[in-house]
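Peer 1: Right, I'll just put the structure down here and ask away after.
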Amino acid sequence: MTGRLARETGAEAEGAAARGWATLPVAACLVDGEGRVIEMTSKAEELLGVSCGRLRGRPLGRRLATDPPLEALFARAGREGGDLVLHDLEAGLPSGRTLSLDMHIAPDPERGEIAVVLIPRDVAERIDRSRAARSLARSAIGMAAMLAHEIRNPLAGISGAAQLLAMGGGNGEDRSLTRLILDEVRRIQDLVDQVDEFGDLRPPKREPVNIHDVLEHVRRSARISYAAHVEISDEYDPSLPPVLGDHEQLVQVFTNLVRNAAEAAPPREARIRLRSYYERQLIVPGGDGRRLVLPIHVEVIDNGPGINPEIVDRVFEPFVSGREAGSGLGLALASKIVAAHDGAIEVESRPGRTVFRVSLPRADG
């Protein structure tokens with residue numbers, strides 16, 4: 001979040017009821033220089049358990065008790081003249097309930113207003129788990145490349161021998177066993193190809209990319225192949241700016257996610273929804289100490305049975321799969337590519353609804 005966000009949020013606060021400020025998809029409050037509430041989003045009302053109408057004109061600190069108090073945090077942000085980001089902040093409500101939050105405070109000195117974004121730690125923890133999974137994926141790259149190389153040579157010998165046996169005829173049982181060997185060899189070759197792809201260390205060719213072009217490419221391919229039985233709908237934000245990324249690698253990411261969703265979808269009335277939207281809320285630390293702002297989000301949503309709760313926190317790790325015949329590399333590869341784009345990927349799953357969310361930087365920074 002930047003000081004510009006405070007100005008933009010402050011501008012939207014004027015006539016907020018008419019302009020829909022309260023419906024922004026983040027838990028955010030706009031307060032004046034004394035910390036009194038001007039506006040709140042519906043997400044903030046839900047989080048704090050109070051309507052904006054009841055809290056408007058009253059100090060936010062009376063509803064949300066923190067240590068140090070909000071008034072001191074607002075004053076500190078004003079003195080430092082920039083955004084204030086606080087992690088793992090414990091905040092108490094009048095009901096006695098305690099919230100664990102990440103808080104972003106963005107003052108706008110020109111207007112004398114402060115934008116406050118509240119991120120519940122369950123959201124932040126999902127990002128943390130995603131980043132840990134990506135780290136594990138990177139550590140497996142060397143092993144994957146080595147295995148792919150070592151397996152490919154003996155596999156070619158087995159395949160050649162099986163083909164010679166098939167050409168030699170034999171009785172029905174021999175031919176059946178030979179076909180089984182060839183089928184299994186082809187299956188292992190497919191797996192080796194995936195492992196080899198996972199071990200590809202080439203960096204992305206980063207340039208402005210229209211994410212909707214990527215999604216439509218993936219949708220067209222899916223409809224004529226692995227997702228022919230699935231209804232694929234879209235909910236795009238047509239005003240999204242370009243993302244900074246590699247078109248082909250992003251196609252690979254969303255192909256893996258859509259294929260995964262198609263395989264998980266029920267046999268009847270299978271549905272996948274592709275959704276894109278803009279939201280400034282997500283800021284994650286980069287590997288070099290930078291703060292990465294990821295405002296462009298794409299969701300792949302399916303109506304399948306959901307991911308086994310025992311593995312949902314590990315689905316981006318290599319060789320972890322919820323399907324009996326799954327390789328466990330598709331999501332790991334998607335996570336690796338997203339990490340190379342300085343992005344984030346996360347998943348939410350329950351029976352009847354699974355959402356994979358990819359968050360990316362905009363091309364103009």
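Peer 1: Can you tell me which of 209-217, 87-95 comes out highest on packing, and rank the rest after it, using the mean Cβ neighbours within 10 Å?
Peer 2: Result, highest mean Cβ count within 10 Å first: 209-217, 87-95.
Peer 1: Moving on to the next point. Sort 348-355, 26-33, 330-337 by the packing proxy (mean of other Cβ within 10 Å over each peptide's residues), most packed first.
Peer 2: Details: 348-355: 15.4, 26-33: 21.6, 330-337: 25.6.
The densest-packed peptide leads the list: 330-337, 26-33, 348-355.
Peer 1: With a 10 Å radius around each residue's Cβ, average the other Cβ atoms per peptide and rank 312-318, 272-278, 219-225, highest first. Mind dumping the intermediate values first?
Peer 2: Values: 312-318: 21.0, 272-278: 18.0, 219-225: 13.6.
Order by mean packing, descending: 312-318, 272-278, 219-225.
Peer 1: From the phi of every residue in the range 78-90, what ³J(HN,Hα) in whole Hz does the Karplus formula 6.51 cos²θ - 1.76 cosθ + 1.60 yield, where θ is phi - 60° and glycine or proline is x?
Peer 2: x, 5, 7, x, x, 5, 10, 10, 10, 10, 6, 8, 8
Peer 1: Amide H neighbours of R58 under 5 Å, at least 5 residues apart or on other chains, H built in the peptide plane: list them.
Peer 2: Long-range HN contacts for R58: V37.
Values in this text are rule-based calculations from the coordinates and carry no lab data. All of these numbers come straight from a predicted model, not from anything done at the bench. Using ideal geometry, Cβ is built from the backbone for each residue, glycine included, and neighbour counts are taken over all protein chains shown.
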